[in-house]
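Structure record follows, encoded as structure tokens.
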Amino acid sequence: MELMTDVVSQAFGAGADRAAQFAELLVEHGVERGLIGPREVDRLWDRHLLNSVAIAECVPEGATVVDVGSGAGFPGIPLAIARPDLSVVLLEPMARRVAWLEEVAAKLEVDVTVVRGRAEEKEIRRTLANRDVVTARAVAPMGKLAGWCLPLLRAGGRLVALKGSSAAEEIERDRAEIARAGGVDPEVRTCGGGFLAEPTTVVVVRRAEPPAGRTRKRR
């Protein structure tokens with residue numbers, strides 16, 4: 001696997017070496033631990049690391065971030081490597097993947113918090129509420145994803161979901177579900193055009209602000 005040093009440096013900045021170490025760990029352990037498929041090894045950079053870090057341009061400076069269904073660590077770990085200004089939580093329900101994420105965080109000395117659980121659980125919603133950004137990659141269709149992720153956001157916060165070429169169609173299909181979950185202004189964006197031949201496609205959904213002057217209903 002060839003490593004394009006200039007591209008990686010452009011994408012990860014001072015974290016380029018850590019990104020390379022993360023890739024090495026995935027090459028060494030990813031397939032045997034069921035984190036990536038055998039065919040993914042030769043396309044780790046474009047398909048996974050660079051694809052993930054591209055969403056950094058959708059994340060405000062100093063934001064609090066939850067990566068829902070982090071799995072092997074995408075997009076949360078590349079994002080945390082490239083953006084040490086962020087406070088990143090990796091949320092993952094499977095114990096073996098939680099163990100992997102904790103090992104990677106320790107070996108790379110990346111400042112992330114690993115939490116075992118699912119976004120739809122009441123305790124998770126309580127403890128991880130009012131975040132600025134929630135990310136997700138290959139987790140669920142937009143309607144279901146909005147229902148799981150938007151409750152973790154503060155009003156005005158944004159869901160940044162990595163999607164494929166059918167992102168626009170997915171928004172139209174699930175628009176009603178997104179709205180019921182409190183999502184507004186869903187839009188398709190592309191990220192990472194400066195270093196990716198095929199930019200990352202994301203759907204960004206904002207959590208609605210509460211209506212102005214809303215008062216409690218009288219009994």
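The values are calculated or read from the model by the stated rules, or taken from the named source; none is laboratory data. Since we're looking at a predicted model, the values are computed, not measured. No Cβ is skipped: glycine too gets one built from the backbone with ideal geometry, and neighbour counts run over all protein chains shown.
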- Task: Can you work out which of the residues in segment 108-121 that are in contact with a Leu (Cβ under 7 Å, 6 or more places away or on another chain) and farther than 12 Å from Ile77 by Cα is surrounded by the most Cβ atoms within 10 Å (Cβ to Cβ)?
- Result: Ala119
- Message: Go through segment 169-198 and report how many residues are over 30 Å from Trp45 (Cα atoms) and of a type outside the set (Asp, Glu).
- Response: 10
- Query: From the list Ile55, Ile81, Ile36, which residue is touching a His at 6+ places or on another chain (Cβ under 9 Å) and surrounded by 15 or more Cβ atoms within 10 Å (Cβ to Cβ)?
  - Reply: Ile36
- Determine whether segment 170-178 contains at least one residue that is assigned to a strand (DSSP E or B) and modelled with pLDDT of 95 or more. no
- Task: Can you give me the number of residues within segment 112-129 that are of a type outside the set (A, V, I, L, M, F, W, C), in contact with a strand residue (DSSP E or B) (Cβ under 9 Å, 6 or more places away or on another chain) and within 21 Å of Glu177 (Cα to Cα)?
- Result: 1
- Counting just the residues of segment 181-198 that are modelled with pLDDT of 95 or more and out of contact with any helix residue (DSSP H, G or I) (no Cβ under 6 Å at 6 or more places or on another chain), which one comes out farthest from Ala155 (Cα to Cα)? Thr190
- Message: It is to be established whether one or more residues within segment 17-29 are surrounded by fewer than 23 Cβ atoms within 10 Å (Cβ to Cβ) and under 21 Å from Ala146 (Cα atoms).
- Response: no
- Message: Need a quick list: helices (runs of 4 or more DSSP H) entirely within segment 94-162 having at least 3 residues that are aliphatic (A, V, I, L, M) and more than 13 Å from the chain's Cα centre (by Cα).
- Response: 95-108
